[in-house]
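Taking it in order: structure first as structure tokens, then the write-up.
Nothing in this text is a laboratory measurement; each read-out follows from the coordinates by a stated rule. Everything quoted here is computed from the prediction, not taken from an experiment. For neighbour counting, all protein chains shown are included, and Cβ atoms are generated from backbone atoms with ideal geometry for every residue, glycine included.
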Amino acid sequence: MRVRLPDRPDWGEGQVQSVAGDRITVNFENAGKVMILRAQSRLESVEEGR
């Protein structure tokens, strides 16, 4: 799934790598792999084909 983090637009789009409970690991274009806590961040889905 492709996502973006509205609070960090400079990170670019990311690919979800794993979901474990409240932890989501995303590989972002400009920030690399980042572990995000679901309760503290709001990820937005990116439409395929963009």
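Computed over neighbours whose Cβ is under 13 Å from that of residue 36, the net charge equals +3, Lys and Arg +1, Asp and Glu -1. If the chain linking residue 33 and residue 7 were pulled fully straight, counting 0.36 nm for each residue of separation and taking away their Cα-Cα distance, it would gain 7.7 nm. In order along the stretch 19-27, the phi-based Karplus estimate (6.51 cos²θ - 1.76 cosθ + 1.60, θ = phi - 60°) of 3J(HN,Hα) comes to 10, 9, x, 8, 9, 10, 9, 10, 9 Hz; Gly and Pro are listed as x. If you take all other residues with their beta carbon under 13 Å from the beta carbon of residue 27, and give Lys and Arg +1 and Asp and Glu -1, the sum is +1.
For the chain, the C-alpha radius of gyration divided by 2.2 N^0.38 Å, with N the number of residues, is 1.02. Near residue 36, the amide H atoms lying under 5 Å from its own belong to 24, 25, 26; only residues 5 or more places off or on other chains count, and H is placed 1.01 Å from N.
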